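S.K.: What follows is a structure written as structure tokens; I'll ask about it next.
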Amino acid sequence: MTPAWDHIVVGAGSAGCVLAARLSEDPDRRVLLIEAGGADRSPLIHIPGFLANVVFSRSLNWAYQGDPDASLDGRRLTWMAGRVLGGSSSINGMVYGRGLPEDYRRWVAAGAPGWDWEDMLPWFRKSESWTGEPNPARGADGPLAVRVFEDTHPACRSVMQAFVAAGLPHVADYSAGVCEGVGLTQATQQGGWRASAARAYLGPARRRGNLRILTRARALSLVFEADRCVGIRYARGGIESEARAEREVVLAAGAIGTPKLLLLSGVGPAEALRAADVPVRHDHPGVGQGLNDHVNVKLSATVRTRTYNSDRVGLRKALHGVRFLADRGGPAASPANHVQGFLKSQPDLASADYQVQVMALGFNDDPADRTDGVSVVVSPCHPKARGQVSLRSADPRDPPRIEMTMLESDDDVGVLLRGCRHARDMLERGPVRDFDGRVFLPTLASDTDAEWKAFFRRTAGLNWHPTSTCRMGEDLDAVVDTDLRVRGLSGLSIADASVMPCVTSGNTNAPVIAIAERAAAMIAARTA
């Protein structure tokens, strides 16, 4: 191994793959990318229809367990995070969404000037290769393939048509700056295969002589000389090693992994570090604070047509796998959902405040129940609930502590109440009517707020979009400045979902990739 590198990128997820690929485009930059998980060789990762196999695989997913949540009747939620080359882009639902322009205005209002929607557009365009209708907001020759998934299940299309019939605008491209509307899902796929960040960015870069990719290398701590980060300690194959960076170390381990590594290195709230028996190097109260994610509630109806409840089990699943290998089509080519919508729960709002995702799958408390169904998943776009990531101990092998009260905000609960009532109405107007079905989730004796809230406490889950634990800003509590440099230290940057001041509306993979594209350009410019 080269004794010293110019750049060390920690974490080969959506952001890390972009950073390593872009920085290594310059042959004079030596780049080391380290990833705690293994290589992305499993064919199950790359065939979309095997999503459940990969997302619930303990070898591919960190599956962090949160602390008991009093607002969810004491349930412990699982926080998914990719543990493989490509990170969460190798196990996610492949849904592409930039969010709404309002999201980025919120970033600016939270103290991140220069990160508005218009500022981010060039980086979205640079990252993608859009195969839909030409639009000046879309990119045509970027590494990431994005397409409209048009093989929409009829039951999902029925839900979409019900929303449109009720007055919601139909949009051909919900990622081009709309404020409200419903349309077919955009997916990160190429030729039917999953287009992970590893395939899109690292694929063309792997053979570069100035790029080294280490998998199964667990980061232990950062290495400092005075206030400058000069490298990283990691363990691989039972052997601890140290790699040094002459220009910058860039953290891209995600909204859970990045604050954990900072805390293990003595960078974080001094009191919390001492409680975990970690020597304080840099007292930074913002590290690990402000955790933000979308809470979701699922509504389901039975339908008298085959959906993925029966199509993705047993012999049918195998047959669809064979068909995918033959023509890259059918249920095995499907992303997690088929329809996306951004809606206003109150008519006087300037922009949508909740998202709906329509899936060709009915959710049931009994995993053995294969009754065919269709679901609408409802999530507030701008959840106010916040949590934190902290250490359980000074041992890098111990999982972090994740504390979050998902339904602590009355505003979030109010959005869910209005959104879920609307979504249930659309199920009844659409697939229940068209396919002779019935709504079975939720089963409520009455339509009172109290009964809906009890249903939320029993069933609400996560969209697995954690952000904001190392947020950027200009105030003293911001972990990084608006150039993504860690405040109070040198030689250290962060470029992943943790820097978002708040979570974007909808899915976060596309914004993370755009952040990393911009970060790579910033880092290259200041370390020239």
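S.K.: Which order do the peptides 94-103, 114-123 take when ranked by the mean count of other beta-carbon atoms within 10 Å per residue, highest first? Please report the intermediate quantities before stating the final value.
M.R.: Working: 94-103: 23.1, 114-123: 17.3.
Put in order of decreasing packing, that is 94-103, 114-123.
S.K.: Could you tell me how many degrees, from 0 to 90 and to the nearest 10, lie between the Cα long axis of helix 154-165 and the main elongation axis, the longest principal axis, of the Cα atoms of the chain?
M.R.: Result, in degrees: 80.
S.K.: Around Gly11, under 12 Å between beta carbons, what's the net of Lys plus Arg minus Asp minus Glu among the other residues?
M.R.: Every neighbour counted, the sum reads +1.
S.K.: Next question. Calculate one ³J(HN,Hα) per residue across the stretch 244-250 by plugging θ = phi - 60° into the Karplus curve 6.51 cos²θ - 1.76 cosθ + 1.60, and present them in order as whole Hz with x for glycine and proline.
M.R.: Result, rounded to whole Hz: 10, 10, 7, 10, 8, 9, 10.
S.K.: Order of 50-57, 156-163 by packing, highest average Cβ count within 10 Å first?
M.R.: 156-163, 50-57
S.K.: Moving to a separate point now. Going highest first, how would you order 342-354, 490-502, 314-326 by mean Cβ packing within 10 Å?
M.R.: So the peptides 342-354, 490-502, 314-326, ranked by packing, come out 490-502, 342-354, 314-326.
S.K.: Translational diffusion coefficient, Stokes-Einstein: compute it for the stretch 162-232 using the Kirkwood radius over C-alpha pairs as Rh, at 37 °C and 0.692 mPa s, and state it as an integer in µm² s⁻¹.
M.R.: For these conditions, the coefficient is 189 µm²/s.
S.K.: Divide by every residue of the chain the summed helix terms, -39500 (n - 2.57) for each DSSP H run of at least 4, and state the resulting mean residue ellipticity at 222 nm, rounded to the nearest 500 deg cm²/dmol.
M.R.: For the chain, the value works out to -7500 deg cm²/dmol.
S.K.: For the chain, what does the convex hull of the Cα positions come to per residue, in cubic angstrom?
M.R.: With only Cα atoms used, the chain gives 141 Å³ per residue.
S.K.: Counting only residues 5 or more places away or on other chains, whose amide H sits under 5 Å from the amide H of Val223 once H atoms are built in the peptide plane?
M.R.: Val230, Gly231, Ile232, Arg233
S.K.: On to the next question. Set the bar at 27 Å for Cα to Cα. Now go through Lys260/Lys453; Lys126/Lys260; Lys260/Lys298; Lys260/Lys384; Lys344/Lys384; Lys384/Lys453 and name every pair that lies beyond it.
M.R.: Flagged as over cut-off: Lys260/Lys453; Lys126/Lys260; Lys260/Lys298.
S.K.: Within the stretch 4-47, list the residues whose amide N lies under 14 Å from a label point set 7 Å along Cα→Cβ of Glu225.
M.R.: 4-6
S.K.: Continuing with this model, one more query. Across 10 Å bins from 0, what is the distribution of all Cα-Cα pair distances for the stretch 133-175, in whole percents?
M.R.: Histogram of Cα-Cα distances, whole percents per bin: 22, 42, 28, 8.
S.K.: Next question. What whole-number distance in Å separates the alpha-carbon centres of the stretch 1-44 and the stretch 71-125?
M.R.: Taking the Cα centre of the stretch 71-125 as reference, the centre of the stretch 1-44 is 21 Å away.
S.K.: Right, another one. Could you run the Karplus curve 6.51 cos²θ - 1.76 cosθ + 1.60 with θ = phi - 60° over the stretch 167-182 and give me ³J(HN,Hα) per residue in whole Hz, x for Gly and Pro?
M.R.: Each residue's phi maps through the Karplus curve to give x, 7, x, 8, 10, 6, 9, 6, 9, 9, x, 6, 9, 6, x, 9 Hz.
S.K.: I would also like to ask the following. Please get the size of the charge dipole for the chain, origin at its Cα centre, with Cβ charges of +1 on Lys and Arg and -1 on Asp and Glu, quoted in debye to the nearest 20.
M.R.: Charge dipole, the chain, about its Cα centre: 1740 debye, nearest 20.
S.K.: Tell me, what is the FRET efficiency for Arg207 and Thr305 to the nearest 0.05, using R0 = 45 angstrom and their Cβ-Cβ distance as r? Intermediate results must be reported in sequence, preceding the final value.
M.R.: Values: r = 47 Å, r/R0 = 1.05.
Between Arg207 and Thr305 the formula returns 0.40.
S.K.: What fraction, in whole percent, of alpha-carbon pairs in the stretch 252-384 exceed 23 Å separation? Could you put the intermediate results ahead of the total?
M.R.: Values: 5191 of 8778 pairs.
I get 59 percent for the Cα pairs in the stretch 252-384 exceeding 23 Å.
S.K.: Oh, and also: Could you work out how far helix 254-264 tilts from the main Cα principal axis of the chain, as a 0 to 90 degree angle to the nearest 10?
M.R.: In the chain, helix 254-264 runs at an angle near 30 degrees to the longest axis.
S.K.: Could you derive backbone 3J(HN,Hα) for the stretch 414-421 from the dihedral phi with the Karplus parameters 6.51, -1.76 and 1.60 (θ = phi - 60°), listing whole Hz in sequence and x where the residue is Gly or Pro?
M.R.: x, 4, 4, 4, 5, x, 5, 5
S.K.: Between Phe440 and residues 5 or more places away or on another chain, which pairs have amide H atoms under 5 Å apart, with H built 1.01 Å from N, and which residues are they?
M.R.: Hits under the 5 Å cutoff: Ser300, Ala301, Thr302.
S.K.: Mind checking the full-extension length gain between Asp283 and Asn364? Use 0.36 nm per residue of separation minus the Cα-Cα distance, one decimal, nm.
M.R.: Length gained, Asp283 through Asn364: 24.5 nm.
S.K.: Between Glu150 and Leu476, how high is the FRET efficiency from 1/(1 + (r/R0)^6) when r is the Cβ-Cβ distance and R₀ = 41 Å? Nearest 0.05.
M.R.: Once the sixth-power term is evaluated, E becomes 0.25.
S.K.: Whole angstrom only: what separates the Cα centroid of the stretch 310-380 from the Cα centroid of the stretch 198-246?
M.R.: 37 Å
S.K.: Compute the distance in nm between two label points, each set 7 Å from the Cα along the Cα-to-Cβ direction, one at Gln65 and one at Ala445.
M.R.: The modelled label-to-label distance comes out at 3.4 nm.
S.K.: Still on this structure, I have one more. Pulled fully out, how much extra length does the chain show between Leu214 and Arg76, if you take 0.36 nm times their separation in residues and subtract their Cα-Cα distance?
M.R.: Gain on extension, Leu214 to Arg76, equals 46.4 nm.
S.K.: Determine the gain in length on full extension of the stretch Lys384-Ala270; use 0.36 nm per residue of separation and subtract their C-alpha separation, reporting nm with one decimal.
M.R.: Values: separation 114, 0.36 × 114 = 41.04 nm, distance 2.60 nm.
Value of the extension gain: 38.4 nm.
S.K.: Something else about it: Taking amide H positions as placed 1.01 Å from N in the peptide plane, with prolines and chain starts having none, which residues 5 or more places from Asn296, or on another chain, fall under 5 Å of its amide H?
M.R.: Gly461, Leu462, Asn463
S.K.: On to the next question. Could you list the square roots of 5 times each eigenvalue of the Cα gyration tensor of the stretch 386-528, that is, the equivalent ellipsoid semi-axes, sorted largest first and rounded to whole Å?
M.R.: 41, 19, 14
S.K.: Could you give the angle, 0 to 90 degrees to the nearest 10, between helix 117-127's Cα long axis and the longest principal axis of the Cα atoms of the chain?
M.R.: 80 degrees
S.K.: Over the chain, what is the percentage of antiparallel beta bridges among all DSSP beta bridges, to the nearest 5?
M.R.: 70 percent
No lab work stands behind these numbers, since they all come straight from the coordinates. From a predicted model like this one, the values you see are computed outputs, not experimental measurements. FYI the Cβ positions are ideal-geometry reconstructions off the backbone, even for glycines, and counts take in every protein chain you see.
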